[in-house]
Every structure is written in structure tokens, then in C-alpha cells.
Amino acid sequence: MASTPTMEFERPIFDLEKQIDELKKLAGDQQLSVDAEIAPLERKLNDLRAEVYKNLSPLQRVQVARNPKRPFTLDYIRLCFTDFVELHGDRLFREDPAIVGGWARLDGETVMVVGQQRGRDTKENLKRNFGMPHPEGYRKALRMMKLAEKFHVPVLTFIDTPGAWAGLGAEERGQSEAIAHNLFEMSRLEVPIIATVIGEGGSGGALALGVADRVMMLENSVYSVITIEGCAAILWKDGKSPEMRERAASALKITAPDLFELRLID
């Protein structure tokens, strides 16, 4: 069943999905076969979806990257890997649910998977702190990477965060030091690291899992030194208007094609 669109540019897709759903429902109620009528509509839907997503503006790509319907790290782990064994805690302070990871197998090969995890509803977002890790989350991630190095296993990281948590407690426990330590240690880790931006890659909070031998991005993900709202607020004193957010999104060069052209990703 078609769901309510969350973004205005998806309206034509939503309307066509709704038309197809209503036609199928009517056919079911009347016990009629409407395959001949539905087939061209479904082809049109596929073409429309490809056309819409091929021509997104940078701001629209940010909206897609933040969409809670996107797959998160645990979804990729469930769909791509087998024998996942989650590891918890940084052995220093506490467990941070905003970072998930552990042992897994990919096509029969043992790997260490680490990634940021967001939530889809209010309860889960509060648990995951909206995907914004505390320093203990980054220390947990590094602990898993060092464990992978010990057993000569490659590391796969999934990046999806607005940024590291900037609360008072996180700063007191050394947020910047934890991120810097990850950058330093990942740069010299003796096993391969492959990082993939699967949603929003925000600032140092993303970079703390992003120092890798290969850095990849999904087509409609973004990777940036600051949020577009933060950039617009600093440069133009307006982080709320669509015009300034669009201007910031274009200026920051945060999309996968832009970053690939700049050779910042592989």
C-alpha cells in the first residue's frame, strides 16, 4: 500500500502508487483481472521514480538521506551478513546504543562490522540518541577495530549520523579526544577498512568511522563537514529558510557525485 509522502518532490510517485493500489483493490473486490491495465502503470511508475531521483537537488538529497524509511546499519547487517554476534561496551564507561557492531560473515568470510544506528520512532530515537554517538561509542568502535586487527579480519564501517553528540557529558568525557584517537588509530590499522556512507555523514562524528582504505557512498547519501542548517546559520544568519538551506547544500558539495569528482571518496 502506498504510504504518505514525506517530501514534496515525491508527490507524483505517491499519486501513481495510490492509483495502482486503488485499481488492485477494486479488482480484488470485484474479482476481476486488471493485469493488462496495471502493467503499463507499473512501468510508468518505475520510469517516474528513476527520473525523479536522478534529478534531485542537493537539498533534496539531504532530505532523502535523512528519511527514516531508509535502511539503517542493523538493516544492512540483517540483509547482507550472516552469523552476526553483537559486541557491547567500551570497557571504560558504558554501552552506547548509537554505535552497533560485532563479528559477522560476508559470503563466508569473517569480518568486523561497525556502524552508527538511528531510530525510526521516538522511543528508538531516544534509545539511539538520534544516531549521535557519545565518546564511549567511538571508543567501543575502536575496541572492535583493534580486536579485528588482532585476528587479522577486515573492518566494514557504515556511516549514518548527523554528527557526534555535543552535550555537556560527552564533552566532559572527551568527545574530541575520542574522535581524534579513532582517526589516528584507523590511519594505521593493519587490516583493510572499507567505509560506506549509507545516509547522512555529518562532521567529525562521521569521520571517526570514515578513515578507510576505500570510502564509498550510496547515490542519495550526503557527507559534510557541517549540517546545511549549521552552515546557513553561520554564513548567512539563517538556518531555517529553504533558500538558505539550498544555497548551503549546493556550496558545501556534499553529494556523492560532487565528492567523487573531488576525489574525496572512491
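Here are the numbers:
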read-out	value
Separation in nanometres of the label points that stand 7 Å from Cα toward Cβ, at Asn67 and Cys80	1.9
GNM top mover of Glu136, Glu200, Glu171 - the chain, alpha-carbon springs below 10 Å	Glu171
Rounded percent of accessible protein surface that carbon and sulfur make up, the chain, 1.4 Å probe	56
Stretchable slack from Lys25 to Ser57, in nm (0.36 nm times residue separation minus alpha-carbon distance)	8.0 nm
Average accessible surface area per residue within the chain, 1.4 Å rolling probe, Å²	54
Top positive-direction residue, dipole computed over the chain with Cβ charges, set His152, Tyr76, Asn46	His152
Value of [θ]222 nm, deg cm²/dmol, for the chain, DSSP H segments ≥ 4, -39500 (n - 2.57) each, nearest 500	-14500 deg cm²/dmol
Qualifying trypsin sites (Lys or Arg not before Pro) for segment 97-149 [loop in DSSP, other Cβ within 10 Å: at most 16]	Arg120
Segment 49-120 - Debye-derived log10 I(q)/I(0), Cα point model, q = 0.13, 0.18, 0.25, 0.28 Å⁻¹	-0.54, -0.82, -1.07, -1.20
Cα gyration tensor, segment 138-266 - rounded (a/c under 1.5), prolate or oblate	oblate
Gyration tensor (alpha-carbon) shape descriptor, the chain, a/c threshold 1.5	prolate
Volume per residue of the C-alpha convex hull in segment 62-188, rounded to whole Å³	116
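The values are calculated or read from the model by the stated rules, or taken from the named source; none is laboratory data. Nothing here was measured: the structure is a model prediction, and the numbers come from that model. Neighbour counts are summed over all protein chains in view; Cβ atoms, including those assigned to glycine, are modelled from backbone coordinates with ideal geometry. For accessibility, only protein heavy atoms count, side chains too; no ligands or nucleic acids. Shrake-Rupley method; radii C 1.70, N 1.55, O 1.52, S 1.80 Å.
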